[in-house]
Amino acid sequence: MAGGTASGGTQGDTYKEARTWLLMPAWVTLVVLVLLPVSLMLVYSFLTKEFRGGVIWEFSFAAYDQFFCDRGLFGDEPCTIEWTYITIFWRSIWQAGLATILSLLIGFPTAYFIATRPANVRPLWVFLITIPYWVNLLIRTVSMRFMLREEGPINNTLMWSGLIDSPLQMINTNFAVQIGLFYSYLPFMVLPIYAAVERYNFSLSEAASDLYASKWTTLRRIILPSVKPGVIAGCILVFVPSLGAFLAPDLLGGAKNFMIGSLIEEQFKGNAGNWPFGAAASMILLTLVLLILLFYARQQARANRGSG
Amino acid sequence: MAARKFDVKAYPGFAQITVLCLLILYVPLMVVMIYSFNASASIVVWEGFSLRWYKDVFVGPESAKFKVAARNSFVIAIIAATVSTTIATFAATAMIRGGRFRLRLVSLGLISLPLMVPEIVTAVATLIFFNSIGFERGLLTILLAHIAFCIPFAYLPIAARMQGIEDTYEQAAMDLYATKRQAFTKILLPLMMPGIISGFLLAFIISLDDFIITNFVKGAGVETLPTAIFGAVKQGIKPNIMAISTMLLAFSIVMVTISYFVSKSGDKK
């Protein structure tokens with residue numbers, strides 16, 4: 001997994017005749033258990049809700065209407081923009097965005113530092129960064145809750161050092177959610193940037209320094225543009241899962257700091273019990289994510305054309 | 001490289017930030033580990049080293065619940081990892097050794113679909129699907145969802161490994177009158193083993209750790225370790241949860257370390 005070096009071998013067609021049969025299990029499993037359910041979710045978002053969960057098979061635009069339209073207390077006024085859910089979506093984008101910036105600030109120097117170590121120790125560094133990712137996300141989020149709480153180690157350390165007199169309220173704030181998301185997906189930022197810096201040709205830096213460019217100018221004007229695809233990949237790998245995160249906002253943000261994930265969960269597992277509305281919110285999240293991935297694919301295609 | 005006045009590669013502060021990054025990643029886990037050995041019943045004060053909470057996990061009042069949850073988790077993870085690794089091995093063979101074909105890109109997209117769709121969306125969609133076909137939610141629904149979700153995690157190391165093996169070995173075998181099946185089972189599969197084991201272990205951890213999808217597709221009263229931990233944490237973090245978390249954490253780290261060294265051992269040619 002680490003390193004990401006491309007293939008050196010030839011890719012033949014030894015099993016050409018068997019490929020349909022070899023691919024069949026994967027196709028069947030993924031079509032039946034992922035593609036079909038997602039399509040069905042789209043259908044559900046246009047159905048009528050039944051009380052206590054479930055749906056009535058009757059076409060309805062009510063879920064999307066509820067999402068975007070405010071029709072007054074009795075539901076009979078003309079549509080004005082409903083801000084409640086748009087605010088939740090906007091908060092999710094904002095929180096995920098801040099977490100992404102934070103992990104870029106820590107992740108880029110880390111990735112760069114690791115990629116400039118001697119080749120034989122690099123895999124070990126990468127391994128050290130990846131280990132926490134494989135530790136259960138729930139446990140990591142709980143450990144962050146433990147760190148941030150009022151009598152937690154962070155507050156204790158700050159009080160002991162005399163920096164603050166009374167404990168800071170960190171848990172159940174937007175800040176805690178950002179830290180939680182940052183902590184959950186930080187390894188995702190480091191890995192693609194590391195792969196990009198490892199491929200970067202350092203003679204370009206030397207050429208820049210020969211032409212009297214300062215270190216930081218070289219970083220900004222030469223290195224950053226060269227490793228941009230890796231940086232974009234890292235940002236997407238942090239931003240996308242942060243957007244739909246459920247655990248960090250639920251365990252660190254409390255009731256006030258709802259994100260899309262919590263909104264969706266509430267419709268299916270919580271008290272709201274409005275399946276079409278939950279399906280519609282999921283569809284809107286999915287559309288957002290697919291748009292981001294499409295943007296990424298176009299960027300990659302452009303970068304490949306540029307280097308090829 | 002020629003000797004220079006200064007190192008163009010190094011930037012001041014980057015080493016310190018790297019240390020900071022590792023501290024951020026590891027300190028919270030270590031703190032949980034340390035506090036799981038706390039003798040106190042409160043998570044606030046430290047009263048000395050004790051294995052009390054580990055004992056509590058195994059014989060305490062909630063031990064029966066955790067044992068069932070742990071057994072469910074491990075049974076599901078073993079089956080899901082086995083099935084998804086098998087599916088992924090076949091798919092990788094077709095993708096890497098199947099030549100060019102029209103549906104190649106579509107197949108690749110399909111295989112990486114669980115990675116692209118946000119987990120909560122997959123969870124909701126799977127719940128809706130099982131519900132609409134009247135499939136009663138329980139361990140089987142968790143297992144099916146996990147198999148689908150684990151495929152890309154098993155596929156990636158397996159495909160990466162196969163790309164590194166030239167197909168001349170199989171060609172040579174077939175020149176010596178081996179059938180395709182023999183070339184596959186006697187030549188390709190043994191060479192692939194490090195990738196397959198690595199893929200299996202990653203799929204295993206992904207299944208063992210999954211909370212979101214499990215939470216949506218599980219039946220009432222059916223728990224896995226993560227859902228049991230989540231339920232307990234909702235009532236406040238207690239020391240026995242820290243002991244369970246530490247055990248699960250240590251287990252994941254051991255598995256990933258094995259996976260790392262297995263896939264590395266095969267790299268030396």
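Observations, loosely collected:
- Of everything in the stretch B:80-98 that is open to solvent by 20 Å² or more (accessible area, probe 1.4 Å) and out of contact with any helix residue (DSSP H, G or I) (no Cβ under 6 Å at 6 or more places or on another chain), the residue that is nearest to the other protein chains (Cβ to nearest Cβ) is B:Thr86.
- At least 2 residues being under 21 Å from A:Ile232 (Cα atoms) and open to solvent by less than 30 Å² (accessible area, probe 1.4 Å) is the threshold, and among the helices (runs of 4 or more DSSP H) wholly inside the stretch A:146-212 those reaching it are A:174-199.
- Single match in B:Tyr54, B:Tyr35, B:Tyr26, B:Tyr11 (criterion: touching a Lys or Arg at 6+ places or on another chain (Cβ under 7 Å) and at negative phi): B:Tyr11
- Qualifying positions in the stretch B:128-142 - without any contact (Cβ under 8 Å) to a residue 60 or more places away in the chain and open to solvent by less than 10 Å² (accessible area, probe 1.4 Å): B:Ile128
- Yes/no for A:Pro109 being in a helix (DSSP H, G or I), free of Cβ contacts under 8 Å to residues at least 24 places away in the same chain, under 30 Å from A:Ala196 (Cα atoms) and in contact with a Gly (Cβ under 8 Å, 6 or more places away or on another chain): yes
- Residue selected from the stretch B:168-181 under the condition in a loop (DSSP other than H, G, I, E, B) and at negative phi, by the criterion farthest from the other protein chains (Cβ to nearest Cβ): B:Leu176
- Any hit, the stretch A:239-251, residues being outside any helix (DSSP H, G or I) and hydrophobic (A, V, I, L, M, F, W, C): yes
- Any hit, the stretch B:19-27, residues being under 21 Å from the mean Cα position of the chain (by Cα), part of a helix (DSSP H, G or I) and either closer than 30 Å to B:Glu223 by Cβ or acidic (Asp, Glu) (or both): yes
- Complete set of residues in the stretch A:32-61 that are more than 8 Å from every other protein chain (Cβ to nearest Cβ) and surrounded by 19 or more Cβ atoms within 10 Å (Cβ to Cβ): A:Ser45, A:Leu47, A:Lys49, A:Val55
- One residue from A:Thr14, A:Thr29 being within 11 Å of chain B (Cβ to nearest Cβ), crowded, with 19+ Cβ neighbours inside 10 Å and either of a type in the set (Lys, Arg) or not in a helix (DSSP H, G or I) (or both): A:Thr14
So that you can scan it fast, the table gives a plain yes or no per residue for (1) of a type in the set (Phe, Trp, Tyr); (2) part of a helix (DSSP H, G or I); (3) more than 9 Å from chain A (Cβ to nearest Cβ); (4) crowded, with 16+ Cβ neighbours inside 10 Å:
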residue	(1), (2), (3), (4)
B:Gly109	no, yes, yes, no
B:Thr126	no, yes, no, yes
B:Leu144	no, yes, no, yes
B:Cys150	no, yes, yes, yes
B:Ile165	no, no, no, yes
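- Within the stretch A:112-128, the set of residues being open to solvent by 20 Å² or more (accessible area, probe 1.4 Å) and either without any contact (Cβ under 8 Å) to a residue 24 or more places away in the chain or among the hydroxyl-bearing types (Ser, Thr, Tyr) (or both) comprises A:Phe113, A:Thr116, A:Arg117, A:Pro118, A:Ala119, A:Asn120, A:Val121, A:Leu124, A:Trp125, A:Leu128.
- Filtering the stretch B:43-90 to residues that are polar (S, T, N, Q) and without any contact (Cβ under 8 Å) to a residue 12 or more places away in the chain leaves B:Ser63, B:Thr86.
- Scanning the stretch A:67-90 for residues that are open to solvent by less than 70 Å² (accessible area, probe 1.4 Å) and assigned to a helix (DSSP H, G or I) yields A:Phe67, A:Tyr85, A:Ile86, A:Thr87, A:Ile88, A:Phe89.
Rundown of residues vs (1) more than 7 Å from chain B (Cβ to nearest Cβ); (2) under 18 Å from A:Ile88 (Cα atoms); (3) at pLDDT 95 or above; (4) open to solvent by less than 40 Å² (accessible area, probe 1.4 Å), yes/no style:
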site: A:Ser262; (1), (2), (3), (4): yes, yes, no, yes
site: A:Gln267; (1), (2), (3), (4): yes, yes, no, yes
site: A:Asn274; (1), (2), (3), (4): yes, yes, no, yes
site: A:Ser282; (1), (2), (3), (4): no, yes, yes, yes
site: A:Ile292; (1), (2), (3), (4): yes, no, no, yes
site: A:Ala297; (1), (2), (3), (4): yes, no, no, no
site: A:Ala301; (1), (2), (3), (4): yes, no, no, no
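- Whenever a residue of the stretch B:152-170 is of a type in the set (Ser, Thr, Tyr), its partners that are open to solvent by 30 Å² or more (accessible area, probe 1.4 Å) and in a helix (DSSP H, G or I), lying with C-beta atoms within less than 9 angstrom and at least six residues away or across chains, give the pairs B:Tyr155/B:Ser112; B:Tyr169/B:Ile187; B:Tyr169/B:Leu191.
- Identification of helices (runs of 4 or more DSSP H) wholly contained in the stretch B:182-269 with 3 or more residues that are open to solvent by 10 Å² or more (accessible area, probe 1.4 Å) yields B:189-209, B:225-234, B:239-265.
- Residue list for the stretch B:39-56, restricted to those being away from every other protein chain (no Cβ under 12 Å) and either closer than 24 Å to A:Ser184 by Cα or out of contact with any Asp or Glu (no Cβ under 6 Å at 6 or more places or on another chain) (or both): B:Ala41, B:Glu47, B:Gly48, B:Phe49, B:Ser50, B:Leu51, B:Arg52, B:Trp53, B:Tyr54, B:Lys55, B:Asp56
The values are calculated or read from the model by the stated rules, or taken from the named source; none is laboratory data. The shown structure was predicted, so the numbers you read here are calculated from the model rather than taken from an experiment. A quick note on method: Cβ atoms are made from the backbone with ideal geometry, for glycine too, and the neighbour counts reach across all protein chains shown. Side chains included, ligands, DNA and RNA excluded: accessible areas come from the protein's heavy atoms. Shrake-Rupley method; radii C 1.70, N 1.55, O 1.52, S 1.80 Å.
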